Amino acid sequence: MAKGVMRETIKKIVEEDLLSELPKIQKETLIIWGEKDRIVPLAHAFIFKEKIKNSKLEILPKIRHSPHLEDPEKLVEVLISNLK
C-alpha cells in the first residue's frame, strides 16, 4: 500500500470522533495503555475508562504505543493476570 494512501486512511480514523460510541460497549473490557504513548496520550486512557462501563485500565510503565512490540512479555503477563 502506498504511504500516501495509508496516511490518508489514518488521518480519517483519527479525525473521526468515536468517543460517543464508547458507552455502548457492554462487555467487560480491559484497556491496556502505554504510559509513554505519544500517538494517543495517556489522558485518553482515563477517558476510555470513564466512558466504558465495565472496564479496567492497565497502564504499562515506560511503554509507548506498541506494547506487543516493546515488551511482549509484560503484555502477556497483564493479559494472563486479567483472564483469571
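Readers should treat all values here as calculations from the given coordinates under stated rules, not as data from a laboratory. Since the structure is predicted, the reported quantities are computational estimates derived from the model, not experimental observations. With ideal geometry, Cβ positions are generated from the backbone for all residues, glycine too; neighbour counts draw on all protein chains shown.
Suppose the chain between S81 and S20 were pulled fully straight at 0.36 nm per residue; how much longer would it get relative to their current alpha carbon spacing?
Between S81 and S20, full extension yields an extra 19.0 nm.
From the square roots a ≥ b ≥ c of the eigenvalues of the alpha-carbon gyration tensor of the chain, which class results: rounded (a/c under 1.5), prolate (a/b over b/c), or oblate?
Oblate, because a/c is 1.5 or more while a/b does not exceed b/c.
Could you give the nm distance between label points at E70 and V40, where each point is 7 Å from its Cα heading toward the beta carbon?
Taking the simple label geometry, E70 and V40 are separated by 1.4 nm.
Would you mind counting up the charge near F46? Only other residues with Cβ under 14 Å from its Cβ, with Lys and Arg at +1 and Asp and Glu at -1.
On the way: positive: K49, K51, K56; negative: E35, D37, E50, E58.
Around F46, the surrounding residues sum to -1.
For the range 17-79, please report how many Lys pairs fall under 24 Å Cα to Cα, leaving out neighbours fewer than 8 apart on the same chain.
Lysine pairs meeting both conditions in the range 17-79 amount to 18.
Put +1 on the Cβ of each Lys and Arg and -1 on the Cβ of each Asp and Glu in the range 22-83; which of P41, L22, P67 then has its Cα farthest toward the positive end of the dipole?
The listed residue farthest towards the positive side: L22.
What does the charge dipole of the range 41-84 about its Cα centre add up to, to the nearest 20 debye, if the Cβ of each Lys and Arg holds +1 and the Cβ of each Asp and Glu holds -1?
In total the dipole reaches around 240 debye.
Let me have the 222 nm mean residue ellipticity of the chain computed from DSSP H runs of 4+ only, each contributing -39500 (n - 2.57), with the sum over all residues rounded to the nearest 500.
-13500 deg cm²/dmol
Quote the charge dipole size of the chain about the Cα centre in Debye, to the nearest 20; the model charges only the Cβ of Lys and Arg (+1) and of Asp and Glu (-1).
On the way: 16 positive and 14 negative charges, 13 e Å.
Approximately 60 debye in magnitude.
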